[in-house]
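Only one structure is covered here, and it is reproduced in the block below.
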Amino acid sequence: MGEERLPAYELEPYRTSLATTVVEAGVEAGKPFAVLEDTILYPEGGGQPPDRGTLNGVAVLDVQKKDGAIRHVLAAPVGPGPADLCLDWERRFDHMQQHTGQHLLSAVAQDRFRWETTAFHLGPEVSDVELAAASLSAADLARLEEAVAAEIRAARPVVPRRVSLEEFRALPVRTRGLPEGFSGDVRLVEIAGVDLNTCGGTHLANTAEIEVVALLSTESLRGGTRVFFAAGGRARRRLKRHEGRNAALRVVLGAADEALLDAAKTRLEQLSEVQKKLRRAEDSLAEAAAEALLAAEGRVAHTHRDGHDMAFVQTVARRFAEKAGARAALVTATAGGQHVFALGAGEAFGDVQSLGREIAALLGGKGGGSGRVFQGKAAGLDGVPRALAHLEGREP
Ligand SMILES: [Zn+2]
C-alpha cells in the first residue's frame with residue numbers, strides 16, 4: 001500500500017460540505033454509485049451507520065467501502081467531473097452523540113464498575129451496550145448514569161490520532177484486537193483522562209457535546225446484561241414524546257402522572273368485571289330466546305335479534321337444539337351491518353350440517369358447524385322466508 005490519504009470525514013468530522021470530483025461512476029445491482037476524490041460522508045463501519053447527504057443535489061442513500069474505494073450509492077446517476085457533496089449533518093451529529101456517548105459509557109462502566117462492554121449497537125431509536133454483568137439493579141444503573149454525567153460535565157476533550165503499530169503496542173489501549181493481517185497506522189480515539197481506544201468512526205470534539213446519556217432499560221442475555229440508552233438530542237426528543245404521551249393519558253384517565261398506572265389498572269379491572277357481567281347477561285338472554293323458540297307453534301321457528309353477534313345466535317341455536325326433538329329453529333342477527341345466522345335442530349329433524357349448507361346458500365352466505373348447530377354469515381336476510389319454507393317443506 002502506498003501513501004494513504006486520509007478521507008475528509010476523518011480529518012474534519014464537523015465539515016458539512018465539500019467541493020470534490022467524481023472519479024468513477026457506475027451501476028451495481030440496478031443502483032447507481034459514485035466514487036469521489038475525497039468524501040465527508042462516513043461509510044458504514046465499526047457499528048456506526050453510513051452517512052446520508054447529497055451529491056450535486058442527488059440523494060446519497062448509502063455509503064459503503066468496497067475494494068478499497070468508498071462507494072456513494074445514489075438515488076439517480078451522476079456523471080464524472082466536479083461535484084458538490086453535502087452531509088446530512090443532523091443525522092451525523094446524532095450518530096456522533098450516540099457513538100461518543102457509547103465510548104464514554106463503556107469506559108466508565110469498565111473502569112469504575114468492572115462491567116466490560118462486549119458489544120455495541122447503534123439503533124435508529126435507541127442504542128445499547130452489552131455489559132459483562134450478570135444483572136444490574138435500578139440503583140446500579142443510576143450510579144452508572146451519574147458517573148457518566150460527571151464526565152460529560154467535566155467537558156473532556158475527545159482527540160483522535162493515528163499511531164504506528166510499534167507505538168500502538170506500547171500504549172495502554174483498551175481494546176487490543178486488530179483485524180488479522182493488519183498493517184499501516186492504527187487509529188486511536190482518546191477521551192482525555194478517561195479512555196484510549198481504537199476506532200475509525202466520527203466523534204464529537206468534547207464530552208460536553210454528548211449533553212446526556214440516559215440509561216433507559218436493561219435486558220438479560222447470554223449471562224450478560226444489555227443496557228439500552230439514548231444520548232444527546234435523542235434523549236431530549238424522547239423525553240418530549242414521553243411528556244406528550246403522559247399529557248394525553250392524564251386527560252384520558254383523569255389522573256396525575258404518579259396516579260396514571262393505578263388509574264389504568266383500575267379501568268382494566270372494571271372492564272374485565274363488566275365483560276363478565278355482560279357474558280352472564282347474554283347467556284340469560286340466549287336462554288330466554290331459546291325457551292321462546294321452544295314455546296312457539298310449529299316444526300320450524302325463527303327469531304331475529306338486532307345488535308347480537310355470531311356467538312349469541314350460536315348459543316341460542318345450541319340451547320334450542322338440546323330440547324328440540326323433531327323441530328328446527330333459525331336464529332338471525334344483524335350487528336354493525338353484518339348479518340349472521342345459526343340453525344339448530346333436534347335429532348329427529350335430520351342432518352343439520354347438510355341442511356345448514358342449503359340454508360347458507362339460500363341466504364347468499366356460508367358457514368360451518370358441528371353436531372346439531374350450523375352457523376354462518378349471510379349476505380342479507382331477504383332469503384329468510386325462503387329458508388324457512390325450505391325447512392318447513394322438509395319431510396320428517
Ligand atoms: Zn469511536
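A short reminder: the numbers here are calculations on the coordinates, not readings from a lab. Keep in mind the model is a prediction, meaning the values are calculated, not measured. For neighbour counting, all protein chains shown are included, and Cβ atoms are generated from backbone atoms with ideal geometry for every residue, glycine included.
Computed quantities for the displayed model
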item: Relative frequency of Cα-Cα separations exceeding 19 Å in region 70-153, percent; result: 53
item: Stokes-Einstein D for the chain, Kirkwood Rh over Cα pairs, 20 °C, 1.002 mPa s (µm²/s); result: 78
item: Rg in Å to one decimal, and Dmax rounded to a whole Å, for region 135-192 via C-alpha atoms; result: 16.2, 44
item: For region 252-283 versus region 138-166, the gap between their alpha-carbon centres in whole angstrom; result: 47
item: Rg(Cα)/(2.2 N^0.38 Å) for region 184-235, N = residue count; result: 1.45
item: Share of alpha-carbon pairs per 10 Å distance bin for region 3-100, given as whole %; result: 17, 55, 26, 3
item: Cleavage-rule hits (GluC sites (Glu not before Pro)) in region 271-318: DSSP loop, at most 11 neighbouring Cβ within 10 angstrom; result: E297
item: Sorted peptide list for 220-226, 327-333, 146-152, 237-243, criterion being average Cβ within 10 angstrom, highest first; result: 327-333, 146-152, 220-226, 237-243
item: Region 201-234-region 32-88 distance, computed between alpha-carbon centres (Å); result: 27
item: At 1.567 mPa s and 4 °C, Stokes diffusion of region 195-273 via Kirkwood alpha-carbon radius, µm² per second; result: 79
item: Percent of Cα pairs exceeding the 18 Å cut-off, where the set is region 137-243; result: 62
item: Antiparallel bridge percentage (DSSP; both residues within the chain; nearest 5); result: 90
item: Cβ-based net charge around K276, under 14 Å, with every Lys or Arg adding one and every Asp or Glu removing one; result: -1
item: Region 254-303 - Kirkwood radius from inverse mean 1/r over Cα pairs (Å); result: 14.0
item: Nearest-ten-degree value, helix 138-153 long axis tilted from longest Cα axis of the chain; result: 40
item: Alpha-carbon centroids, region 349-396 and region 100-135: separation in whole Å; result: 66
item: Filtered GluC sites (Glu not before Pro), region 4-75: DSSP coil and at most 10 other beta carbons within 10 Å; result: E4
item: Cβ crowding within 10 Å averaged over residues, with 162-171, 355-364, 337-346 ranked highest first; result: 337-346, 355-364, 162-171
item: Relative contact order, percent, the chain [alpha-carbon distance under 8 Å, six or more residues apart]; result: 9
item: Relative compactness, region 336-396, computed as alpha-carbon Rg over 2.2 N^0.38 Å; result: 1.05
item: Ordering of 193-203, 71-81, 258-268, 102-112 by burial proxy (mean other Cβ atoms within 10 Å per residue, highest first); result: 102-112, 193-203, 71-81, 258-268
item: Nonlocal Lys pairs with alpha-carbon distance under 21 Å, the chain (8 or more apart, or different chains); result: 5
item: Mean residue ellipticity (222 nm) of the chain, computed from DSSP H runs ≥ 4 via -39,500 (n - 2.57), nearest 500; result: -12000 deg cm²/dmol
item: Whole-Å semi-axes of the ellipsoid equivalent to region 69-224 (Cα gyration tensor, √5λ, descending); result: 30, 21, 17
item: Binned Cα-Cα distance frequencies in region 279-370 - 10 Å width, integer %; result: 18, 53, 27, 2
